[in-house]
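Since the structure comes first, as structure tokens, the remarks are kept for the end.
Just so you know, all these numbers are worked out from the coordinates, no wet-lab data involved. Given the structure is predicted, the values throughout are model-derived calculations rather than measurements. Every residue, glycine among them, receives a Cβ derived from its backbone with ideal geometry; neighbour counts consider all protein chains shown.
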Amino acid sequence: MSTDRPGGASPQTGQRPAAAPAPRRGRPAGRSAKGAETAARLYHCALVSFAARGYEATTLRHIATDAGVSPGLLYRYFPSKRALLLHLYERLSLAYAERAASLAAGPWTERVAAATSLSLETLSPHRDTLRALVGVLVGGGDDGLFGAHTALSRRRVSAAFETAVAQADAAPACASSLARLAYLGHLAVLLFWLLDRSPQQRATRGLLAWVPWTALAVLVRVPGVAGQVDRLAALVSDGLWPQGSVMDSPPRP
């Protein structure tokens, strides 16, 4: 005699077996390889468009047309130009932080010079795009160098200068303030580099070579100078960094 029960019930328990879970619909969790490729292509088209048209003149429709996709698809990945801009900051700051983590040991002057040169190397492939963004970078808005939206990227880069000074051989007493001033000095060099019209930006390289690093190393050890460095760093921080921001807290040794 057959022991089968209606509906496939178990002869031992008389209960139906649990149904297999229904297959999930829609896109899998996370971004697929094709999705990542699409995002990368859209990002690249945006950078090219910013460099060619300027940031303000570029629209999301321009970028979608250049990429050969519908605006709706672009919105799914980057809902605004700001999203693309912040993605650029994110990628560049992460790339720089990773490279700066392996700075060679030495005095703080050599490590700051190396950190600045490394920043130029990291940004160099994107110079045309960054030139188109100068107005945004120094415009004082939330998307600029000192804006609220760029705090995380900014902190990654400033932390590299913090480490460069604080972990240098015979770091000076005013290491924290020097790190902040070194970071700001490096931003000034970057701005000069973006505006540099000399062949292959040779004037920027000359400027870095001109900096009297040895004299600076001696100067900060002169009695009374460290206090002035601290005062200058405090004044600059008060003027440029939003107060109370964790990401913009002064570098600490």
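Structure data summary
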| read-out | value |
| --- | --- |
| Estimated vicinal HN-Hα couplings, Hz - segment 225-231 in sequence order (Karplus 6.51, -1.76, 1.60; Gly, Pro = x) | 6, 4, x, 5, 5, 4, 5 |
| Cα-centred dipole magnitude for segment 82-240, charges only on beta-carbon of K, R (+1) and D, E (-1), debye, nearest 20 | 220 |
| Projected label distance in nm at Arg53 and Lys34, using a 7 Å step from Cα toward the beta-carbon | 2.7 |
| Whether segment 130-253 is rounded, prolate or oblate, judged on the alpha carbon gyration tensor where a/c under 1.5 counts as rounded | oblate |
| Potential lengthening between Arg99 and Ala217 on full extension [0.36 nm per residue; Cα-Cα distance subtracted] | 40.0 nm |
| Spacing of the two label points (7 Å from each Cα toward its C-beta) at Arg91 and Leu208, in nm | 2.2 |
| Two-site FRET efficiency, Thr65 against Ser117, from Cβ-Cβ distance with R₀ of 45 Å, rounded to 0.05 | 0.75 |
| Distance from segment 93-107 to segment 177-218 (C-alpha centre basis), Å | 17 |
| 11 Å beta-carbon shell around Ala46, net charge (K/R +1, D/E -1) | +2 |
| Per-pair calculated FRET efficiency, R0 = 30 Å: Arg41 and Val138 via Cβ, rounded to 0.05 | 0.50 |
| Fewest-first sequence of Tyr43, Tyr75, Tyr183 by Cβ atoms within 10 Å of each Cβ | Tyr75, Tyr43, Tyr183 |
| Estimated vicinal HN-Hα couplings, Hz - segment 72-78 in sequence order (Karplus 6.51, -1.76, 1.60; Gly, Pro = x) | x, 5, 4, 4, 5, 9, 9 |
